[in-house]
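Data first, discussion second: the structure below is written as structure tokens.
All of the numbers you see were taken from the coordinates with simple rules; none came from a lab. Remember, predicted model here, so these are calculated numbers, not experimental data. Glycine also receives a Cβ, built like all others from the backbone with ideal geometry; neighbour counts cover every protein chain displayed.
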Amino acid sequence: MMRGKLLKWSRVLLAALFFLPILLLFVDFVDLIPDKLSRLLHLQLVSALLAGMFGIVVLQLVLALVFGRMYCSVLCPAGVLQDILNRLYCIGKKKKKGSRRFSYHKPMNRLRYGLLIATAGFAVFGFTGLLMLLDPYSNFGRIAANLFRPVVMWGNNIAADALMKMDNYSLYHVTVTTVTTSGLIAGGLALLLFAVMVALRGRLFCNTLCPVGSFLGLISRYSLFRVSFKESDCIQCRKCEFSCKAEAIDAKKMTVDTSRCVACFNCLGTCSKDALTFSRKPSRKSIRSATGQAMPVDAFAVNNPNGRRHFLATTAAIAGSVPVASVLAESIGVGKSKEEIKKWPPVTPPGSLSVERFKDKCTACHICVVQCPSHVLRPAGMEHGFGYLLRPQMAYIDSYCNYECTVCSEVCPTGAIKPLTKEEKKTTQIGIARFMIDLCIVKTEKTDCGACSEHCPTQAVHMVPYEGTLTIPNVIEDLCVGCGGCESICPVRPVRAIIVESNKTHAFIELPDEEEVKEVRVDDFGF
Amino acid sequence: MKRRDFLKTGVLAGAAVSLNFEGLQAALSSNTIAVEKAPDLVAVMGGEPGVMLDKALEALGGIGNYIKKGQKVVIKPNVGWDRTPELAGNTNPDLIKALVKKCIDAGASKVTVFDHTCDNWQKCYESSGIASAVKEAGGIMMPGHDEKYYKDVDLPGGKSLKSAKIHEALLEADAWINVPVLKNHGGAKLSCAMKNYMGIVWDRRVFHQNDLQQCIADICTWTKKPVLNIVDAYRMMHQNGPQGKSLADVATLKSMIVSPNIVAVDTAALGLFNQVKKLEIDAVGHIAKGEEFKLGTTNLGKLTIRRIRI
């Protein structure tokens, strides 16, 4: 039991080491956490796959092959969040209703492998909607970005107001601007789903809906180290089964379903007889040589040979339907865009290269949304169709993209926003400002304005002589990077007089020649 | 001889001679006193910001004439842009540092500095060098990026703008000093002391919607006037303002103009601006509108101006 507890608490410690920095990355609104820490996110399996970081993918596969689904208990923030929810659920409850409320259930292979294949299949054919909805890390991101973060910010405001009375401005007031309705609903639903599933059946999400869990399950089935029974020591108290949140232990048959076991070691910690071990799987030889009384260690696989068969069968069935489904998905997309043909596509962040590419690669984890210092990235609703749902877009409502900033491209774990140097950023044109002179205040009110030009970092929007002493904006397209400075500040309502039209595929402009610095000598005040 | 010293000797002399106050009055209104009177406007050229500030304040009779012991003081520079000091998008940090020190030395109970920036406020505060300058000098750098920090104020004297949300540091202040940087401005044409008021309000959109030039003059009618306007023209952005693109937009004038008279200080600053780039006063509509509101005069000939070269 002592060894079991040690293993369990090591797992908890490791999980905390990964979970806390990731959580902080999402709720940190004052930019305390260095952006480099976001490299931790590259360990996420779906992100690594999308980013083409195959080294990390292989590492995860090897880990799963050696230790089982430790990923789900340590690296996956959604998994750890579920464990925390489970802990919260257990507060004030007796063990029987709390931490030992679980019991063995059969795996839902058709569902989990079906979903896995559907998710992967659609993703391969360029429809990543399902992946976006099911990826555990992205769901965690949406919960943290849209729910936890605002709560932390409100807490900060209360503290900041108190400090302000003492002339201390080390904390300052912040306004939640990046949470959109869609983001709030997505975060809320995900948290609710996790909470309900955890309360009812523990890690049910991880063993039914989660594509990462199902995928790792296919490997952990053969893992080298695994939890197994020392049958001679088991007294059939079933504490291990009741404490298994993956509901993978069948104590009566003394089997552990390693495809569902998330290697949390809670069972080892509860077994008072040390009848459970986490150890190397005996070789086939030793299984063969085992006496009839002793069940083979991977008895589950022997008793339940259906898992692999299910997987193969479902693969075949879904593979057959993929072309149909992808055609279907495409036609839905076309229908939508025809309806909204007049609407400009979303402006995507610099580094995303094109709307299509961004849509395919982004799983809407919202790390860019929370890390953007200008708060200009906001999750989309249905305005650009389901294909763009929850993906961040440049919303020039009250802020714009800082000319020198490359933060979103540095933190994106999937490579949906490719890393940019400052130089590259300044020459990437994500859209072009469209000036509608008939709406402009200088024309309609005959008064000075120039707010757009004021905010233009490249002076692509500059003021040219108009009537009398008035000047009016003019746009040099080849200088415009589409940062939205002009649009964000244009005072005209309801429709602004200058709006950035997105480049569906980003263009590249040349940096204007450096103007020569002329020596100016002034000796007289001039008055 | 300083004004106060002169008056003291005058009073003593008057009392000693005849104890006749009529004589003193006559003396006060005589020409000799008009010459010794503190100037209405001081212009300095050729020094570093801190040195020029010293000279200007000395000519005006010392900071003590404007900042009293125990007062809560606000200094309002222009920190609008994420730009380094060399690019002249913001008020010179050395000037702000020297001024904060002066106010503290004059006995101010606290000196607060803020601006409602255009770019991200933290980047502006940092890149401009102003946040660190204020800290080093012992002042408080206050945020101004959230509506929370602004409170409604009526502007009965305004034409287009009848009320505005003004930063609470100013509402609580006993005295404030307006410290703009002189520069070209795409919308208002010139950005100086009056234009710098746009950084004390929350909602600037209404300015642009309702006749920018008029609203700038309107906000300047707020009853709590700055005790001094100190125009930083050490470096001046003469084109592509107010943000600027490169060093080619900047001329080094090593100048400073100081006056409590906001219209006069802007008129004089426009004169200095014209040494580099042509700009008609009619184009800078808010200056004339400010004069209409009797906020000051554009007729510099009527004022006592002290010009100091270092």
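Relative to the longest principal axis of the Cα atoms of chain A, the long axis of helix A:149-164 makes an angle of roughly 60 degrees. Cross-link partners for B:LYS277 among the lysines, with Cα-Cα distance under 22 Å and sequence neighbours closer than 8 places in the same chain left out: A:LYS518, B:LYS183, B:LYS189, B:LYS195, B:LYS245, B:LYS254.
Going 7 Å from the Cα of A:THR505 along its beta-carbon direction, which residues of the range A:414-430 have the amide nitrogen within less than 17 Å of the resulting point? Label zone hits: A:428-430.
For the range A:146-165, backbone nitrogen atoms closer than 14 Å to the point 7 Å from B:ASP146 Cα along Cα-to-C-beta are found at A:150-165. Each of the peptides B:248-259, A:11-22 was scored by the mean count of other Cβ atoms within 10 Å over its residues; in descending order, highest first, they stand as B:248-259, A:11-22. Highest mobility in the GNM of chain B, judged by mean-square fluctuation with C-alpha springs under 10 Å and restricted to B:GLN213, B:GLN122, B:GLN239, is found for B:GLN122.
In this rough spin-label picture, where each label sits 7 Å from Cα along the Cβ direction, the A:ASP524-A:LYS95 distance is 9.6 nm. Inter-chain neighbour count for B:141-149: the average number of beta-carbon atoms from partner chains within 10 Å of each residue's beta-carbon is 4.
In this structure, the amide hydrogen of B:CYS220, modeled 1.01 Å from its nitrogen in the peptide plane, lies closer than 5 angstrom to no residue at least 5 positions away or on a different chain. Can you tell which of A:PHE525, A:GLY183, A:HIS506 lies farthest toward the positive end of the dipole of the protein assembly as shown, using +1 and -1 charges on the Cβ of basic and acidic side chains (Lys, Arg; Asp, Glu)? Selected residue: A:GLY183.
Just name one of B:CYS215, B:ILE140, B:TRP176: the one whose Cα is farthest towards the positive end of the charge dipole of the range B:135-278 (beta-carbon charges, Lys/Arg +1, Asp/Glu -1). Toward the positive end, the furthest listed residue is B:CYS215. Projected label points at A:LYS446 and A:LEU189, each 7 Å from Cα along the beta carbon direction, are separated by 5.4 nanometres. Sum up the lysine pairs in the range A:1-119 that clear both bars: alpha-carbon distance under 25 Å and a spacing of 8 or more or different chains. Counting lysine pairs in the range A:1-119 gives 14. Between A:TYR222 and B:LYS278, the modelled label-to-label distance comes to 8.3 nm, taking each label 7 Å out from Cα in the direction of the beta carbon.
With a Förster radius of 45 Å, plug the Cβ-Cβ distance of B:ASP174 and A:LEU13 into 1/(1 + (r/R0)^6) and report the FRET value to the nearest 0.05. Once rounded, the FRET efficiency stands at 0.20. Taken over the range A:345-472, lysine pairs spaced eight or more positions apart, or on distinct chains, with alpha carbons under 22 Å apart number 5. What's log10 of I(q)/I(0) for the protein assembly as shown at q = 0.06, 0.08 Å⁻¹, Debye sum over Cα points only, no solvent? Log10 I(q)/I(0), no solvent term: -0.53, -0.79. Neighbouring Cβ atoms from other chains, within 10 Å of the Cβ of residues in A:513-526, number 6 on average. The mean number of partner chain beta-carbon atoms within 10 angstrom of a residue's beta-carbon across peptide A:481-492 is 2.
If the Kirkwood radius is taken over C-alpha pairs of chain B, then at 20 °C and 1.002 mPa s the Stokes-Einstein diffusion coefficient equals 108 µm²/s. Shape analysis of the range A:146-233 based on the Cα gyration tensor places the equivalent ellipsoid semi-axes at 44, 18, 12 Å, largest first.
Angle, helix A:181-201 long axis vs. longest principal axis of chain A, Cα atoms, 0 to 90°, nearest 10? Roughly 10 degrees between the two axes. Potential lengthening of the chain between A:ASP161 and A:LEU32 amounts to 44.5 nm, from the contour at 0.36 nm per residue minus the alpha-carbon distance. If the segment from A:ARG87 to A:VAL176 were pulled out straight at 0.36 nm per residue, it would be longer than the present Cα-Cα gap by 29.1 nm.
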